[in-house]
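See below for the structure under consideration.
All of the numbers you see were taken from the coordinates with simple rules; none came from a lab. Quick caveat: nothing in here was measured; it's all calculated off a predicted structure. FYI the Cβ positions are ideal-geometry reconstructions off the backbone, even for glycines, and counts take in every protein chain you see.
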Amino acid sequence: MSKHRLEQQLALNGGMKAVTRIAGKGQPKIGVDEFISVAERFGFSAAALAQFRAVAEAEALGDGPFLANYYSNLKETKVQAFERLARQLFDVGYAVATSSGTGALHAAFVAAGVGPGTEVICPAIGFFATAAAVVQAKGIPIFCDVDHSMMMDPTRIEALITPRTVAIAPTHCMGGVCDMPAIMKVARRHKLKVVEDCAQACGGKVRGRYVGTYGDLGCFSISAYKIVGGGEGGMVLTNNKRLWERVNQVAECGGLWRPVRFAPPRYDGELFCGTNYRMSEMEAAVDVVQIQRMAGIVKRFRQAKLRVLGQLKTYREIVPQTLVDAEGEVGYTLRFFPESIDLAVRIAEALRAENIPAGTRGHSTTPDWHLSRYMFPVTLKTSSSPEGCPFTCPLYTERGGAVEYRDDDCPVANDLFQRVVSIRLNQWYTAQDCRSIARGINKVLSAYCTPDPSATPWL
């Protein structure tokens, strides 16, 4: 057969291929410049960056890296490695890496069945993101007062439960831990889901068990602002496969997590419209290292706090924060309650003069979204549309729902939030540093308060 005829014949039928080679040669989409940009963000010097560039430019990058979790053709991506380590460290069946702690909360609440017409019991102290995620899931937050641990008071939960309640959302605040056994007892008695917010206490434990593993779902903020994390990330833990699948459908609604991506639903409720809360590979590359440091970080914080507390005297006018589990909490903040706001202000000022990093809210009336009375996007019942959903949703009102948020709903939280004196601790304190801190606290408290061996102990 002539060459001309072979060229005209389809290659499928034995003819010549129309395209035998591609002459155009491009550059990697992601290459050395992007790598140097990341190194710049780490703060390396110009001299170091020049050395990095010289080494990197000598490498053959081919088409460059594909910096995504899915379709990467790697044995294990950084996101997958992070999730594997999380499962191992926390001894759970399932872990989902997310783009933020708030995204983790939203996905978890949806997975737990929060939706129109439902209520979730949230603590009066803790960042607004917990309650906001309930509203984002179309549920209604109901605020529960705290006790002297500054965590949700388990004895107050039962009075807040209604036929609309589907979940309880205890928040482990400022390195402390909630009384999870007591909370779980109430939840199980009323067949309620528990979604733990562990954003501020990653690595904390109650009775030897990690927070985030007591509830049906545990949510974490893995970020630069928290115990572990380098940028902006989050995580959801669970031991329930169906809950894990529902979390995935919220956080990765493109179906990439499914065995057969575009297949019909395998069971009722598997598929619904979610969003994208995927953790990026670049974030995971940092967090997969960070999560392995968790135990050491927590151990150092805990040791520093216990060293300081063990050297403090007791005072008639001072009530220390109740520690649910002194040996288990993360412990990066030492807190106590002077008998009055005026005394708290004087003590905090004196501590700072001693070079001890202390603070108190005092008489300030500046709104703070860590206290329920000031969580205006929730308490004002505003929404992104004029209709006012979910607060005005018929599925809520026709079930008797008519929540009203008042400033005095949680009086204990309001009181403690103003009076508490907080001392930020450093995980790198030496034993001598702890002695100095304790000596300074005793010095100040002895100047303003009455030493009393029978007063409330620190431990």
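At 222 nm, what value in deg cm²/dmol follows for the chain if DSSP H runs of at least 4 each add -39500 (n - 2.57) and the sum is divided by all its residues, to the nearest 500?
The helix-only estimate for the chain comes to -10000 deg cm²/dmol at 222 nm.
So how do Leu85, Leu416 line up by other beta-carbon neighbours within 10 Å, fewest first?
Ordered from fewest to most neighbouring Cβ atoms within 10 Å, Leu85, Leu416 come out as Leu85, Leu416.
Determine which aspartates and glutamates satisfy two conditions relative to Lys185: a Cα distance under 12 Å, and not lying fewer than 8 residues away in the same chain.
Within reach: Glu158.
Trypsin sites (Lys or Arg not before Pro), restricted to region 253-290: which are DSSP loop and have at most 13 other Cβ atoms within 10 Å?
Within region 253-290, the qualifying trypsin sites (Lys or Arg not before Pro) (loop, at most 13 other Cβ atoms within 10 Å) are Arg261, Arg266.
So what is the relative contact order for region 78-293, in percent, with contacts set as C-alpha pairs under 8 Å and at least six apart?
26
Among the listed pairs Lys138/Lys381; Lys193/Lys299; Lys193/Lys305; Lys191/Lys381, which are separated by more than 23 Å between their Cα atoms?
From Lys138/Lys381; Lys193/Lys299; Lys193/Lys305; Lys191/Lys381, over 23 Å: Lys193/Lys299; Lys193/Lys305; Lys191/Lys381.
Hey, what did region 24-66 get for relative contact order, percent, Cα under 8 Å, at least 6 apart?
Dividing the mean separation by the residue count of region 24-66 yields 64 percent.
Using only Cα atoms, locate the centre of region 233-277 and the centre of region 404-423, then give the distance between them in Å, rounded to an integer.
If we compute the Cα centre of each part, the gap is 38 Å.
Restricting to Cα pairs below 8 Å that are 6+ residues apart, what does the relative contact order work out to for the chain? Please round to a whole percent.
Answer for the chain is 18 percent.
What does the charge count around Tyr315 come to, taking other residues whose C-beta lies under 13 Å from its C-beta (Lys +1, Arg +1, Asp -1, Glu -1)?
Surrounding charge for Tyr315 is 0.
Determine, for Tyr396, Tyr71, the number of other Cβ atoms within 10 Å of each Cβ, and report the residues in order from fewest to most.
Tyr71, Tyr396
Once a ≥ b ≥ c are taken as the square roots of the eigenvalues of the Cα gyration tensor of region 78-293, is the result rounded (a/c under 1.5), prolate (a/b larger than b/c) or oblate (a/b not larger than b/c)?
Oblate, since a/c reaches 1.5 and b/c is not below a/b.
Can you work out the FRET efficiency for the pair Val412 and His190, with r the C-beta to C-beta distance and R0 = 25 Å, to the nearest 0.05?
Taking R0 as 25 Å, the efficiency between Val412 and His190 is 0.65.
Taking R0 as 56 Å, what's the FRET efficiency between Ser436 and Ile22 from their Cβ-Cβ distance, rounded to 0.05?
Details: r = 69 Å, r/R0 = 1.24.
For Ser436 and Ile22, the calculated efficiency is 0.20.
What residue among Thr162, Val32, Gly269 has its Cα farthest toward the positive end of the dipole of the chain, where the charges are +1 on Lys, Arg and -1 on Asp, Glu, each on the Cβ?
Val32
Place +1 on the Cβ of every Lys and Arg and -1 on the Cβ of every Asp and Glu in region 321-459, take the dipole about the Cα centre, and give the residue among Pro411, Cys389, Gly328 whose Cα lies farthest towards its positive end.
Working it through, the farthest residue towards the positive pole turns out to be Gly328.
Taking the DSSP beta bridges in region 78-293 as the whole, what percent of them are antiparallel, to the nearest 5?
Taking every DSSP beta bridge within region 78-293, about 50 percent pair in antiparallel fashion.
Using a basic spin-label model with each label point 7 Å from the Cα along Cα→Cβ, how many nm lie between Cys253 and Val55?
4.3
Sort 89-101, 10-22, 142-154 by packing, meaning the average of other beta carbons within 10 Å per residue, with the highest value first.
Most protected by this proxy first, the peptides run 142-154, 89-101, 10-22.
Please give the Cα centre distance for region 339-371 versus region 77-103, rounded to the nearest Å.
37
So how strong a dipole does region 78-293 carry about its Cα centre when Lys and Arg Cβ are +1 and Asp and Glu Cβ are -1, to the nearest 20 debye?
For this selection, approximately 560 debye.
Roughly how large, in nm² to one decimal, is the mean projection of the convex hull of the alpha-carbon atoms in the chain?
Mean orientational projected area (the chain, Cα hull): 30.8 nm².
Please rank His190, His172, His370, fewest neighbouring Cβ atoms within 10 Å first, as an exposure proxy.
The order, fewest Cβ neighbours first, is His190, His370, His172.
Given R₀ = 30 Å, what would the calculated FRET efficiency be for Thr365 paired with Glu404, taking r from the Cβ atoms and rounding to 0.05? Present the calculation step by step, with values, prior to reporting the outcome.
Working: r = 22 Å, r/R0 = 0.72.
The formula returns an efficiency of 0.85 here.
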